[in-house]
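Working notes for the structure below.
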Amino acid sequence: MKSTKSFPLLSVVLCSVLLTAGCGGGNKGAAPSAEPTKEPAATQTAAASASPEATSTAAQSTVKPVSFTYYSNYDWDTTEEWGRDSTTKWIADTLKVKMTPVQSSGAAETKFSTMIASGSLPDVIMMDRGANVERLRQPGLLVPLDDYLDRYPNLKKNAGEATLNMLRSEDGKLYQFPNWYTSSPNGNGGWIINRKIYKDLGSPKLETYDELYAYLKLVKEKYPDVVPLEVGAKGRGLETMYGGFAENKPYLSKANPVGNTLQSIFEDQVFIENMQYASKLFREKLITQDLFTQTGDQISEKLKTGRVAVYVDGDVVNPGRGADTALRTTDPDAGYDIIWPIHKAGLDPAKITPNNYNSLGWNVLVITKNAKDPEAIFSYLDWVTGEEGQRILNFGRQGLYWDEFDADGVPILNEAGLNTPQGDKDKERIGRFNWVGNTTFIDQTKAKMDAQLPADKQNWTTLAQQKVTWKTSKNFTEFVNLDPLPDSEEGTIATAVNDIYQEALAKTLYAKSDEEVLSLLNKANEDAKKAGYEKLLKYQTEKWQDNLSKMK
């Protein structure tokens with residue numbers, strides 16, 4: 001599922017994964033092969049492609065028929081009905097697996113709390129790792145998955161013991177089935193530029209923050225109706241900008257790793273310099289002036305109408321594709337190009353990592369004790385996260401856009417796959433129900449499938465990921481699971497620090513000088529300390545060090 005998982009800049013938890021071509025459907029990658037490999041007929045029959053009947057038999061041998069309810073604990077997510085698209089219809093008809101959605105109706109937290117209080121939990125819940133999982137685990141409302149790992153081996157094989165150990169709860173048991181876990185770099189964040197505006201202005205060198213500043217001033221002068229620099233909803237792009245002020249240092253929310261300890265973000269010289277630069281751009285009206293109030297739809301509209309010169313955000317590859325397609329429809333010379341991340345002069349461009357990723361991926365699924373047959377549910381999820389399930393859930397059922405696949409499990413596009421426009425393929429809703437994505441398999445497969453297409457039909461997002469975003473991503477697995485439970489003392493402190501941070505962020509952007517930015521951050525630091533910030537950082541440091549021990 002592709003969410004633009006926004007990792008809100010103001011989130012209490014530490015940032016980890018940047019979303020995803022789907023939420024994960026494409027966040028890292030291997031170089032595509034020049035030509036798809038087609039196995040000899042005998043090999044195809046025995047190992048791979050063969051017929052839909054052969055595929056059905058393989059799936060039926062592992063998946064137990066089951067019907068279950070499913071709830072996604074996000075305000076923005078509406079779960080579509082099962083069986084309306086060709087993929088889930090195939091699953092319902094062939095595997096005898098059926099799902100009934102439970103909707104959040106835009107009020108996930110309220111809905112979630114009501115379900116817990118009333119004892120009416122759905123069978124399966126998709127949610128973030130951390131506090132809400134513990135709200136269900138501690139009173140014994142979740143099914144441990146350990147007994148199923150060897151019986152249905154795809155999760156254990158693909159995610160690996162180290163990743164599963166990081167997901168285990170304090171009682172040593174595994175309750176969480178990860179979504180978009182990975183063994184290779186991913187990330188969708190970075191910088192894209194308006195191709196036509198850039199060319200019209202002489203295609204100047206655009207690598208450092210000094211060069212960016214000069215370019216944005218030129219855009220403002222020559223294109224008064226264009227936003228020189230768009231930084232995303234809630235200023236998310238400021239996180240991405242941070243990664244350009246130091247080498248190998250993507251943004252880590254509310255903390256700064258120094259040696260073996262986490263220290264105050266307000267004392268972080270990289271953060272201070274980032275906010276001083278952002279404030280300078282903001283007061284000179286080179287950055288969106290409504291960054292705290294604008295919606296994702298408004299940003300998309302600006303991009304699609306060419307009213308943005310430069311865009312920086314935690315996910316630019318997905319909105320970039322839509323905007324590029326929209327502009328090229330009316331003007332072949334228009335569109336957006338991804339560029340290498342902007343950085344501070346003097347730094348090594350090869351060490352600029354605005355993206356971060358972790359092996360655990362984005363979010364998780366849990367099976368509640370309300371489920372009548374949790375093993376059957378697990379058998380289905382394990383099939384989904386395996387090669388066959390990932391192939392069907394992400395690229396459509398066999399016979400739709402592919403008939404065979406090669407020795408690596410990569411579908412070989414048929415005539416429909418080669419000639420159907422991406423817009424028409426999107427109507428199939430392929431990938432929408434991939435709740436337990438295996439990012440490495442999907443990303444590498446996407447890249448190889450895209451290489452089967454003519455250059456003018458290749459996926460803009462996939463190319464941008466291979467060219468830039470996956471190469472500028474740093475492994476941050478060690479920093480997951482650092483957020484305290486909301487009702488703990490540290491959780492109360494975290495809430496207070498977050499409020500102080502939000503207020504400081506807004507005030508620094510409106511500051512009239514670098515000196516005022518520094519003064520505001522110093523004041524925020526003192527307020528945070530009074531709220532118990534040092535105790536929170538000590539708690540998070542211990543969790544961080546515990547992660548490092550588990551990873552070893």
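For region 229-242, name all the residues that are modelled with pLDDT of 95 or more and assigned to a loop (DSSP other than H, G, I, E, B). Within region 229-242, 231 is the sole residue that qualifies. Selection of region 74-133 for residues being acidic (Asp, Glu), touching a strand residue (DSSP E or B) at 6+ places or on another chain (Cβ under 9 Å) and either within 30 Å of residue 400 (Cβ to Cβ) or not assigned by TED's automatic domain parsing to the domain that holds residue 372 (or both) yields 77, 80, 81, 123.
Remark: pairs (first residue in region 517-541, under 24 Å from residue 280 (Cβ atoms); second residue among the acidic types (Asp, Glu) and assigned to a helix (DSSP H, G or I); Cβ separation under 8 Å; 6+ apart in sequence or on different chains) = 524/503; 525/267. Hey, any hits in region 472-490 for a residue that's touching a Lys or Arg at 6+ places or on another chain (Cβ under 6 Å) and part of a helix (DSSP H, G or I)? Checking region 472-490: not a single residue is touching a Lys or Arg at 6+ places or on another chain (Cβ under 6 Å) and part of a helix (DSSP H, G or I). Here 416, 345, 371, 334 are screened, and the one residue that is touching a Phe, Trp or Tyr at 6+ places or on another chain (Cβ under 8 Å) and outside the structural domain of residue 73 (by TED's automatic domain parsing) is 345.
The condition of being in the same structural domain as residue 539 (by TED's automatic domain parsing), surrounded by fewer than 22 Cβ atoms within 10 Å (Cβ to Cβ) and hydroxyl-bearing (Ser, Thr, Tyr) holds for residue 300. Screening residue 299 with (1) in contact with an Asp or Glu (Cβ under 9 Å, 6 or more places away or on another chain); (2) over 16 Å from residue 341 (Cα atoms); (3) assigned to a strand (DSSP E or B); (4) not polar (S, T, N, Q) gives one miss only, at (3).
Considering 507, 512, which residue is outside the structural domain of residue 131 (by TED's automatic domain parsing), surrounded by fewer than 21 Cβ atoms within 10 Å (Cβ to Cβ), at pLDDT 95 or above and part of a loop (DSSP other than H, G, I, E, B)? Going through 507, 512 in turn, just one is outside the structural domain of residue 131 (by TED's automatic domain parsing), surrounded by fewer than 21 Cβ atoms within 10 Å (Cβ to Cβ), at pLDDT 95 or above and part of a loop (DSSP other than H, G, I, E, B): 512. Using the structure shown, decide if residue 100 is in a helix (DSSP H, G or I), modelled with pLDDT of 95 or more and surrounded by fewer than 17 Cβ atoms within 10 Å (Cβ to Cβ). Spelling it out, it is not the case that residue 100 is in a helix (DSSP H, G or I), modelled with pLDDT of 95 or more and surrounded by fewer than 17 Cβ atoms within 10 Å (Cβ to Cβ). Right, residue 521: within 22 Å of residue 257 (Cβ to Cβ), hydrophobic (A, V, I, L, M, F, W, C) and not in a helix (DSSP H, G or I) or not? Considered against the rule, which asks whether it is within 22 Å of residue 257 (Cβ to Cβ), hydrophobic (A, V, I, L, M, F, W, C) and not in a helix (DSSP H, G or I), residue 521 comes out as no.
When the criteria are applied in full, residue 477 meets the requirement of being more than 30 Å from residue 420 (Cα to Cα), among the β-branched types (Val, Ile, Thr) and at pLDDT below 95. On inspection, residue 463 passes the criterion of being at pLDDT below 95 and either crowded, with 22+ Cβ neighbours inside 10 Å or not charged (D, E, K, R) (or both). Among the numbered conditions (1) within 29 Å of residue 436 (Cα to Cα); (2) buried (at least 18 other Cβ atoms within 10 Å of the Cβ); (3) among the hydroxyl-bearing types (Ser, Thr, Tyr); (4) in contact with a helix residue (DSSP H, G or I) (Cβ under 8 Å, 6 or more places away or on another chain), the only one that residue 169 does not meet is (2). Taken over region 302-355, residues that are among the hydroxyl-bearing types (Ser, Thr, Tyr), touching a helix residue (DSSP H, G or I) at 6+ places or on another chain (Cβ under 9 Å) and not in a strand (DSSP E or B) amount to 3.
Given the condition assigned to a helix (DSSP H, G or I), in contact with a Ser or Thr (Cβ under 8 Å, 6 or more places away or on another chain) and either of a type outside the set (Phe, Trp, Tyr) or surrounded by fewer than 19 Cβ atoms within 10 Å (Cβ to Cβ) (or both), answer yes or no: does some residue in region 219-227 qualify? No; the residues of region 219-227 include none that is assigned to a helix (DSSP H, G or I), in contact with a Ser or Thr (Cβ under 8 Å, 6 or more places away or on another chain) and either of a type outside the set (Phe, Trp, Tyr) or surrounded by fewer than 19 Cβ atoms within 10 Å (Cβ to Cβ) (or both).
Would you be able to say whether some residue in region 338-355 is closer than 30 Å to residue 133 by Cα and under 21 Å from the mean Cα position of the chain (by Cα)? The answer is yes, given that some residue of region 338-355 is closer than 30 Å to residue 133 by Cα and under 21 Å from the mean Cα position of the chain (by Cα). Residue-level analysis places residue 245 among those that are in contact with an Asp or Glu (Cβ under 7 Å, 6 or more places away or on another chain) and farther than 19 Å from residue 478 by Cα.
The values are calculated or read from the model by the stated rules, or taken from the named source; none is laboratory data. This is a predicted model, so every value here is computed, not measured. Positions of Cβ are backbone-derived with ideal geometry, glycine not excepted, and every protein chain shown enters the neighbour counts.
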